[in-house]
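First the structure, in the form of structure tokens, and then the observations on it.
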Amino acid sequence: MVKASHQHVEEILASWSGKPLEGAREMISKYGLPDEATPSMLIWYNNGPWTKTVVFRETVPHNFPKPHPDFLEQTIKYEVPVQKFDDIGAFDGSVYIDRTKGTVSAKCHMEPMNILSLNLMNDIVTGKRSVEQARKFYADTVVKFNQGIPTPYTEKLLFPLPEKTGDPDVALVRADS
């Protein structure tokens, strides 16, 4: 895959503003030029612990734990047991599960907050925290983070990433039907 050219990315970013532009610049500084660039998004593949990072030009308002715009989506390989889907949805509406592909994405406004969301998602899946405990821990951690107090939950993923994930499910209809 050929990375997007510097000129092409700059032409796209010339029409961006605010937090998405800041986020795009931060991701470029950290991960280099994106693999793909369109007027509405920049995409990196296999950067850092992520299978995919997307910076969207359009933001989505999100009020948990405090009002902010969601525009930075980062994806990891991870299998969430079906019986935990509701818990993950109740924890944070900006954590997305793709059962068939075997991935989980977090969408926020900062990479450390995506790391926090995914670490807490893992805590819920493994039974370390309840949904309510995870939401409270998230809010408390954001306050500390904003005060410059470091926490491992925002610095890196605290669990091993699996090599093989995905659930193609079970066929109920024959392929020739």
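The values are calculated or read from the model by the stated rules, or taken from the named source; none is laboratory data. Since we're looking at a predicted model, the values are computed, not measured. Here the Cβ is made from the backbone with ideal geometry for all residues, glycine too, and neighbour counts use every protein chain on show. The accessibility values were calculated without ligands, DNA or RNA, using every heavy atom of the protein model including side chains. Shrake-Rupley method; radii C 1.70, N 1.55, O 1.52, S 1.80 Å.
Couple of notes before you dig in:
- Average projection, convex hull of the Cα set of segment 110-177: 7.1 square nanometres.
- 20 °C / 1.002 mPa s Stokes-Einstein diffusion coefficient of segment 1-159, Kirkwood radius on C-alpha pairs, µm²/s: 132 µm²/s
- Just the protein heavy atoms count here, and of the accessible area of segment 1-107 at 1.4 Å, carbon and sulfur take up 53 percent.
- Think of it as helices only: each DSSP H run of n ≥ 4 in the chain is worth -39500 (n - 2.57), and spread over all residues that comes to -11000 deg cm²/dmol at 222 nm.
- Dipole of segment 14-148, positive end: most advanced residue of Pro81, Val95, Gly148 [Cβ charges, Cα centre]: Gly148
- Solvent-accessible area assigned to carbon and sulfur over segment 109-177 amounts to 56 percent, based on a 1.4 Å probe.
- Diffusion coefficient, µm² s⁻¹, Stokes-Einstein with Kirkwood Rh over alpha-carbon pairs of segment 3-49 at 20 °C and 1.002 mPa s: 201 µm²/s
- Based on protein heavy atoms only, the chain ends up with 56 Å² per residue of surface accessible to a 1.4 Å probe.
- Dipole magnitude of the chain, debye to nearest 20 (Cβ charges: Lys/Arg +1, Asp/Glu -1, about Cα centre): 340 debye
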